[in-house]
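Notes to accompany the following structure.
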Amino acid sequence: MRKYLIKLARIMVFILLAGITFGGLSSCQSNKKLAKKQAEAAYNIKVQQAKKDLIAMLNGTTDWTMDEQFKRLDTIKSYNIDDQQVKDLIVKVEDKLTTEKAEAERKAEEERLRKEEAAKKQAELAKFNVINERFAGIAHAGSYDEADKEISLALNFFATPDVPVLIIIDQVDGVNDYDRPTTAFRFLNYLKDIKSYNFAVESVKRNTEGKITELELIKK
C-alpha cells in the first residue's frame, strides 16, 4: 500500500509539472502572438500616417516649413517601409521639395543681389549730391553774375566744357529714351536761364583724374 501511495504521488507530481510546463508554453505563445499583432498594428499605423503626410506635402497642404518637410521626409525614409505607394510618394515628394528649395534659394539670391544693387546705387546717388546741389545753386542764383560764378565752379567738375550731357526723359523696361544731347557748358547756362533744376544725376563717367567725361541726368 505504501509503495502504491508513493507511486501515485510521483504520478501526480509529474502531471502537475507537465501542466505547468504546458501552461507556460501556451502562455508564451499567446504573448508572442499578441506582440506580433501589436507590432503589425503599429506598423500599419506608421504606414498610413506616412502616406497621409507624404500626400499632404505633395499637395502643399501642410503648414510646415521647408526644413520641417525635409526632416519629416527623412524620418519616413528611415522607416524603410516596404510599401510601393509609400516608395512612389517618397520619390515625388523629394523631387518636389528639392525643386522648391532650389527655386526659393534662387529667389533669395535674386533679392539679395537686388538689395545689394539698390544699396550700391543709393550710395552712388549720395555721391552725386554735390553735383545736384551745385546745379540747383545755378538755377536759384539771385542774379546772373551770381549764376555765372556758380557755373564756373560747376565746370570744375568736368574734364572740358564740351563734355556730353545726356538727359533721360523716359525709361521703359530698362531702356532709356533721351532728349537731344547737349554739353556741360550749354546745360549749365540753360539752368541759369530757366531758373529751375528739375533733374537728378543718374550716372557719371570720369577720367583718371576724377573729372566728369559724360553726365547722365534724369528728369524728375
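Remarks
- Looking across segment 161-202, the residues that are surrounded by fewer than 15 Cβ atoms within 10 Å (Cβ to Cβ) and in contact with a His (Cβ under 9 Å, 6 or more places away or on another chain) come down to 195, 196.
- Among the residues of segment 163-220, those identified as touching a Phe, Trp or Tyr at 6+ places or on another chain (Cβ under 7 Å) and part of a loop (DSSP other than H, G, I, E, B) are 197, 211, 220.
- Of the residues making up segment 120-132, those that are in a helix (DSSP H, G or I) and farther than 19 Å from residue 182 by Cα are 120, 121, 122, 123, 124, 125, 126, 127, 129, 130.
- Count - residues of segment 149-162 that are outside any loop (DSSP other than H, G, I, E, B) and among the charged types (D, E, K, R): 2
Residue by residue, here is whether (1) without any contact (Cβ under 8 Å) to a residue 24 or more places away in the chain; (2) in contact with a Cys (Cβ under 9 Å, 6 or more places away or on another chain); (3) farther than 22 Å from residue 200 by Cα; (4) among the polar types (S, T, N, Q) holds:
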| position | (1), (2), (3), (4) |
| --- | --- |
| 46 | no, no, yes, no |
| 64 | yes, no, yes, no |
| 75 | yes, no, yes, yes |
| 82 | yes, no, yes, no |
| 93 | no, no, yes, no |
| 97 | no, no, yes, no |
| 105 | yes, no, yes, no |
| 126 | yes, no, no, no |
| 135 | no, no, no, no |
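- Single residue of segment 74-121 satisfying the filter (over 21 Å from the mean Cα position of the chain (by Cα) and among the hydroxyl-bearing types (Ser, Thr, Tyr)) that is nearest to residue 57 (Cα to Cα): 75
- Any hit, segment 94-103, residues being of a type in the set (Ser, Thr, Tyr) and either at pLDDT 95 or above or touching a Leu at 6+ places or on another chain (Cβ under 7 Å) (or both): yes
- Qualifying residue in segment 133-148 (condition: under 25 Å from residue 123 (Cα atoms), within 40 Å of the chain's Cα centre (by Cα) and assigned to a helix (DSSP H, G or I)): yes
- Considered as a group, the residues in segment 185-212 that are closer than 15 Å to residue 132 by Cβ and polar (S, T, N, Q) include one that is nearest to the chain's Cα centre (by Cα), and that residue is 203.
- Test result for residue 117, modelled with pLDDT of 95 or more, part of a helix (DSSP H, G or I) and not small (Gly, Ala, Ser): no
- Summed over segment 135-160, the residues that are loosely packed, with under 14 Cβ neighbours inside 10 Å and either aromatic (Phe, Trp, Tyr) or in contact with a strand residue (DSSP E or B) (Cβ under 8 Å, 6 or more places away or on another chain) (or both) give a count of 1.
The values are calculated or read from the model by the stated rules, or taken from the named source; none is laboratory data. Here the structure is a predicted model, which is why all the values come from computation and not from measurement. Every residue, glycine as well, gets a Cβ built from its backbone with ideal geometry; the counts of neighbours run over all protein chains shown.
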